[in-house]
Structure formats: C-alpha cells, structure tokens
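**Student:** Below you will find the structure I want to go over with you.
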Amino acid sequence: MDREEFMALEPTEKADVLNTHIDAGESQKEAMQSVGVSIKDLMQAQVFFSKTEGRFAANAVGGFSNFHEDTTAEAAK
C-alpha cells in the first residue's frame with residue numbers, strides 16, 4: 001500500500017493497517033515507513049501511537065459542536 005492509498009482510508013482503517021505492521025514485529029517508525037507517512041500526516045488524520053499499549057489508535061475528534069441550543073440570541077445573559 002502506498003501513501004496515497006493509505007491517506008484515502010478512514011482513520012480507524014489507517015490505525016488497523018499500521019497495527020498490522022506492529023503485529024508483524026515492526027516498530028512504530030518502521031510501520032510508518034512501510035506506508036510512507038510521517039507523524040505530521042498521522043496527526044492530521046487523527047491517528048496516534050499509544051506508547052503504553054504499543055499500538056496505533058484513531059481518535060474521532062473534530063467537527064462543529066453547538067453547546068448552546070438557543071440560536072436566536074434571546075437567551076438570558
């Protein structure tokens with residue numbers, strides 16, 4: 001799998017691909033080199049390496065959350 005194919009995957013799929021390399025005995029850096037990505041690429045894709053678990057994980061972070069239900073600006077201030 002090359003870098004373009006890897007970057008087209010969903011974050012959870014990216015973590016799964018990298019963890020396959022980890023399961024094969026590669027280190028974090030070796031797994032990343034296998035698919036041609038950098039730490040910066042993974043951070044943008046919301047995929048992180050957990051040193052305590054020794055595995056990659058995808059975090060679903062992002063998007064817009066409206067914590068205020070009143071969008072009419074009539075809420076008490």
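**Student:** Of all GluC sites (Glu not before Pro) in segment 1-39, which ones are in loop regions per DSSP and have a Cβ with at most 15 other Cβ atoms within 10 Å? Numbers along the way, then the final one.
**Tutor:** Values: sites: Glu4, Glu5, Glu13, Glu26, Glu30; in loops: Glu26.
Sparse-neighbourhood loop GluC sites (Glu not before Pro): Glu26.
**Student:** Expressed in nm to one decimal, what extension gain is obtained for the pair Asp16 and Ser38 from 0.36 nm per residue of sequence separation less their Cα-Cα distance?
**Tutor:** On the way: separation 22, 0.36 × 22 = 7.92 nm, distance 1.63 nm.
Difference between extended and current length: 6.3 nm.
**Student:** Can I ask one more? Can you figure out the FRET efficiency of Arg55 with Glu4, using R₀ = 30 Å and their beta-carbon distance, to the nearest 0.05? Could you put the intermediate results ahead of the total?
**Tutor:** Values: r = 24 Å, r/R0 = 0.80.
Plugging the Cβ-Cβ distance into 1/(1 + (r/R0)^6) gives 0.80.
Here, each number is a calculation from the coordinates, and none is a lab measurement. Every value quoted in this text rests on a predicted model; they were computed, and no experiment measured them. No Cβ is skipped: glycine too gets one built from the backbone with ideal geometry, and neighbour counts run over all protein chains shown.
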